[in-house]
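Visitor: One structure follows; several queries about it will come next.
The values are calculated or read from the model by the stated rules, or taken from the named source; none is laboratory data. This is a predicted model, so every value here is computed, not measured. Because the Cβ atoms are built from the backbone with ideal geometry, glycine has one as well, and the counts that use them run over all protein chains shown. When the accessible area is computed, the model is the full protein with side chains, heavy atoms only, and any ligands, DNA or RNA have been set aside. Shrake-Rupley method; radii C 1.70, N 1.55, O 1.52, S 1.80 Å.
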Amino acid sequence: MRAKASGAAQRREGASTSRARFLDRYRSWRDHHSLSAADSLRRVLDNLGSSLLTWLVIGIAMALPTALSVALDNAREVSGSWDSPAQISLFLLKSTGAEAAQALQAELQERGDVAEAVLVDKVAALEEFAELSGFTDVVASLDENPLPHLLLVSPATGVEPSVLQAELLALQPVEQAVVDMAWVQRLNNLMDLSRRLVLGLAGVLVLGVVLILGNTIRLAIENRRDEIIIVKLVGGSNAFVRRPFLYTGLWYGVGGGFIAALLVLAALFFLEQPVSNLASLYQSNFQLSGIGLIGSLQLVLLGGALGLIGAWLAVSRHLGAIEPR
Amino acid sequence: MISFERVTKRYEEGHDALREVSVDIARDELVFLTGHSGAGKSTLLRLIMLMDRPTRGKVIVDGQDLAKVSSRGIPRHRRNIGVVFQNHKLLFDRTVFDNVALPLIIAGYDHREVARRTRAALDKVGLLSRERALPITLSGGEQQRVGIARAVVARPRILLADEPTGNLDPALSAEIMQLFEAFNQVGVTVLIASHDLALISRMQHRILTLRDGRLLGAAS
Ligand SMILES: Nc1ncnc2c1ncn2[C@@H]1O[C@H](COP(=O)(O)OP(=O)(O)OP(=O)(O)O)[C@@H](O)[C@H]1O
Ligand SMILES: [Mg+2]
């Protein structure tokens with residue numbers, strides 16, 4: 001009975017010591033992480049000059065695609081606000097008289113799918129042209145007015161411009177119906193192309209950042225070759241040897257991401273005033289939108305991730321080659 | 001504890017550093033390894049700690065056939081062995097304390113235990129007062145003692161020493177040898193490569209002699 005009890009007690013003690021050992025291991029693993037992180041940071045800061053250079057290179061490489069994509073977002077916002085007032089220009093037959101044109105305008109104005117129809121009278125248009133261009137004599141010498149009457153039709157909201165265009169073209173005095181949308185489409189295509197270009201550029205630069213970081217870590221490994229050998233000789237595992245270099249990569253990447261966020265912020269700050277001046281010229285209250293706090297944090301995180309990846313590549317390529325001889 | 005079965009080590013250049021070496025070292029033994037320069041002493045120690053693998057033959061340490069230890073298993077194997085290197089192999093940008101503490105940090109002791117054991121080891125080699133010094137500011141003999149402290153700090157089951165008294169004066173050499181004997185008395189298997197025949201023949205331990213990679217008769 002007593003033997004049984006003491007056996008149980010022993011087992012319990014065994015379990016608790018193994019748990020204690022596990023806790024110890026966890027604690028020391030954590031300790032080594034914070035030790036490596038602090039030590040790597042100290043080394044990075046000790047070589048502030050070259051570290052700053054690395055940070056700048058990474059920061060610029062990351063800021064470039066970010067800034068371009070911010071610019072594109074802003075451009076899309078601007079073009080989006082232009083998207084809706086698509087206008088259909090109806091050029092009437094030359095033979096159409098002023099009364100017929102006015103009648104058509106009134107008729108169009110009545111339609112549910114038309115928001116507004118404005119008549120540009122051909123006589124008034126020619127006079128205006130003569131006045132604005134200064135070709136008064138030339139215009140006066142013309143036998144007849146070469147301009148047709150023009151109706152500018154704005155579709156009601158929700159009406160597909162191309163459908164309305166087809167309907168209006170079927171009307172009797174209409175010779176031509178042109179949707180002033182081609183340029184919006186062209187702009188959209190251009191934006192799509194730019195977005196792809198920016199994505200491609202971002203891909204190339206991200207690869208560049210990983211390679212730069214990998215090379216920096218390779219140099220760090222080379223510099224600490226003796227130390228790595230000694231640590232391996234006294235029983236340091238690969239994970240143990242790897243850890244400080246992964247942290248070095250992390251610090252370079254995080255610093256680079258931080259610089260990138262700063263650069264983008266600085267550029268936006270620099271452009272904000274001129275852009276809002278320009279916008280006010282166009283009676284727009286358009287405001288540049290930046291990357292915000294979340295975007296900046298994402299940049300820093302992305303930098304850290306790239307740093308880790310670069311370091312991991314360098315470490316797995318070069319650490320294995322360093323064996324005690 | 002350590003046994004060699006007809007071990008041959010041939011380096012790439014075709015030079016045989018060890019030829020057909022067979023020897024058994026028991027758990028409670030302290031054994032000296034001697035021989036001329038280039039006889040293969042360091043090579044034998046390197047095989048035990050898996051810095052190299054034998055070309056032929058079998059090395060068994062603590063019941064484990066080393067041929068079966070994969071490269072992933074090498075760190076764990078080395079943690080059971082304390083080594084004093086012929087050329088110290090200290091970290092010159094770390095303090096004496098940090099150098100000696102390294103095996104404990106690798107083994108994952110918590111920092112209070114690390115400090116306690118490191119100071120105890122430094123005290124044993126008489127360098128406690130220099131714990132904050134950088135190794136470069138120490139004499140050759142002091143550096144050697146830092147290496148010894150590092151080798152014993154994690155209380156390994158096996159202690160290998162390659163010329164541990166090479167830079168020490170006779171009095172200090174004798175003291176260090178006594179230190180190794182003390183470790184041996186608490187159950188550590190000790191193998192010491194040394195040229196210092198005068199010193200080691202005075203001590204009552206087995207002496208292995210290598211000549212051109214061959215083991216001559218073992219005397220006790
Ligand atoms: N990495 C190596 N590559 C090729 N040959 C080597 C290598 N290491 C040692 N040797 C050769 O193996 C032989 C034994 O070398 P080892 O270092 O074991 O000698 P030792 O007995 O320790 O000598 P010492 O007393 O000078 O330290 C020597 O002839 C040496 O030139
Ligand atoms: Mg040697």
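Visitor: Taking H as built 1.01 Å from N, whose amide H comes closer than 5 Å to the amide H of A:A115, not counting residues under 5 places away?
Guide: A:S154, A:A156
Visitor: Sort B:99-107, A:304-312, A:158-166 by the packing proxy (mean of other Cβ within 10 Å over each peptide's residues), most packed first.
Guide: Per-residue mean Cβ counts within 10 Å order the peptides as B:99-107, A:304-312, A:158-166.
Visitor: Right, next: Any idea how far apart A:L278 and A:Q185 come out in nm if each label point goes 7 Å out from Cα toward Cβ?
Guide: Placing both labels 7 Å beyond Cα along the Cβ direction yields 2.7 nm.
Visitor: Per residue Cα convex hull volume for region B:92-154, in cubic angstrom?
Guide: Cα-based convex hull of region B:92-154, divided per residue, equals 69 Å³.
Visitor: At a Förster radius of 56 Å, what calculated FRET efficiency corresponds to the Cβ-Cβ distance of A:A130 and A:L265, to the nearest 0.05?
Guide: 0.60
Visitor: Next up: Tell me, what are the semi-axes, in whole angstrom and largest first, of the equivalent ellipsoid of region A:88-180 as set by the roots of 5 times the Cα gyration tensor eigenvalues?
Guide: Semi-axes (√(5λ), whole Å): 27, 13, 11.
Visitor: For a protection proxy built on the mean count of beta-carbon atoms within 10 angstrom, sort B:33-42, B:120-129 highest first, please.
Guide: Peptide ranking by packing, descending: B:33-42, B:120-129.
Visitor: Between B:Q204 and B:S71, what FRET efficiency follows from the Cβ-Cβ distance if R0 is 41 Å, with the result rounded to 0.05?
Guide: 0.55
Visitor: Another question about this same structure. Need one number: buried accessible surface between chains B and A, 1.4 Å probe, both sides summed, DNA, RNA and ligands left out, in Å² to 100.
Guide: That pair hides around 1800 Å² of surface in total.
Visitor: Now for a separate question. At q = 0.22, 0.25 Å⁻¹, what base-10 log of I(q)/I(0) does the Debye formula yield for region A:100-139 when every alpha carbon is treated as an equal point scatterer in vacuo?
Guide: -0.68, -0.76
Visitor: If one computes P(r) from the Cα atoms of chain B, what percent of pairs lie at distances over 29 Å?
Guide: Here the long-distance tail beyond 29 Å is 25 percent of all Cα pairs in chain B.
Visitor: If you restrict to DSSP beta bridges whose two residues both lie in the protein assembly as shown, what percentage is antiparallel, to the nearest 5?
Guide: So the antiparallel bridges amount to about 65 percent of the total.
Visitor: Here's another thing I want to ask about it. For region A:88-180, what does the relative contact order come out to in percent, with C-alpha contacts under 8 Å and a separation of six or more?
Guide: 49 percent.
Visitor: Once the piece of chain linking A:L201 and A:N47 is laid out straight, how much longer is it, given 0.36 nm per residue of separation minus the C-alpha distance between them?
Guide: 52.4 nm
Visitor: Another one. What FRET efficiency would be calculated for the residue pair A:I60, B:D110, taking the C-beta separation as r and a Förster radius of 35 Å, to the nearest 0.05?
Guide: It comes out at approximately 0.20.
Visitor: Still on this structure: With labels modelled as points extended 7 Å from the Cα through the Cβ direction, what inter-label distance (nm, one decimal) is found for B:S22 paired with B:R211?
Guide: Going from the B:S22 label point to the B:R211 one covers 2.0 nm.
Visitor: Work through the residues other than A:W312 whose Cβ is under 14 Å from its Cβ and net out their charges, Lys, Arg +1 and Asp, Glu -1.
Guide: Local charge sum for A:W312: +4.
Visitor: Determine the distance separating the Cα centre of region B:1-28 from the Cα centre of region A:269-321; give it in Å without decimals.
Guide: Cα centroid to Cα centroid, the span is 61 Å.
Visitor: For the pair A:A103/A:A115, report the inter-label distance in nm, with labels modelled 7 Å from Cα in the Cβ direction.
Guide: Result: 2.9 nm between the two label points.
Visitor: Could I ask something else about it? What value, in deg cm²/dmol to 500, does the helix sum -39500 (n - 2.57) over DSSP H runs of n ≥ 4 give at 222 nm once divided by the residues of chain A?
Guide: Value at 222 nm, helices only, nearest 500: -26500 deg cm²/dmol.
Visitor: On each of the three principal axes of the Cα atoms of region B:1-96, give max minus min coordinate, whole Å, ordered largest first.
Guide: Reported extents, whole Å, longest axis first: 42, 30, 28.
Visitor: Given Cβ point charges of +1 (Lys, Arg) and -1 (Asp, Glu) and nothing else, what value in debye, to the nearest 20, does the dipole of region A:60-145 about its Cα centre take?
Guide: 400 debye
Visitor: Hey, got the dipole for region B:93-220? About the Cα centre, +1 on K and R Cβ, -1 on D and E Cβ, debye to the nearest 20?
Guide: 320 debye
Visitor: Right, something else. Ordered by packing density, taken as the mean number of other Cβ atoms within 10 Å over each peptide's residues, highest first, how do B:134-140, B:158-164 rank?
Guide: Top to bottom by mean Cβ count within 10 Å: B:158-164, B:134-140.
Visitor: Work out Dmax and Rg for chain A from the C-alpha atoms and quote the Rg first, both in angstrom.
Guide: Over chain A's Cα set, Rg and Dmax evaluate to 35.6, 130 Å.
Visitor: Hey, got the average number of other protein chain Cβ atoms within 10 angstrom for residues in B:101-109?
Guide: Rounded to a whole number, the mean comes out at 6.
Visitor: Residues of the protein assembly as shown: accessible area per residue at 1.4 Å, in Å²?
Guide: It amounts to 55 Å² per residue over the protein assembly as shown.
Visitor: Kindly give the semi-axes, whole Å and largest first, of the ellipsoid equivalent to the protein assembly as shown, taking each as the square root of 5 times a Cα gyration tensor eigenvalue.
Guide: Semi-axis lengths for the protein assembly as shown are 87, 24, 22 Å.
Visitor: Once whole DSSP H runs in chain A are found, which of them have Cα atoms spread over 27 Å or more along the helix axis and a mean Kyte-Doolittle score of at least -1.0?
Guide: Taking the DSSP H segments of chain A (at least 27 Å long, mean hydropathy at least -1.0), we get A:48-83, A:182-223, A:238-281, A:292-318.
Visitor: Keeping the other protein chains in place, figure out the carbon and sulfur percent of the accessible area of region B:76-160, with a 1.4 Å probe.
Guide: Summing carbon and sulfur atoms, their accessible area is 48 percent of the total for region B:76-160.
Visitor: Still on this structure: Could you work out, residue by residue across A:132-138, how many beta carbons of other chains sit within 10 Å of that residue's beta carbon, and then give the average as an integer?
Guide: Partner Cβ neighbours, averaged per residue: 0.
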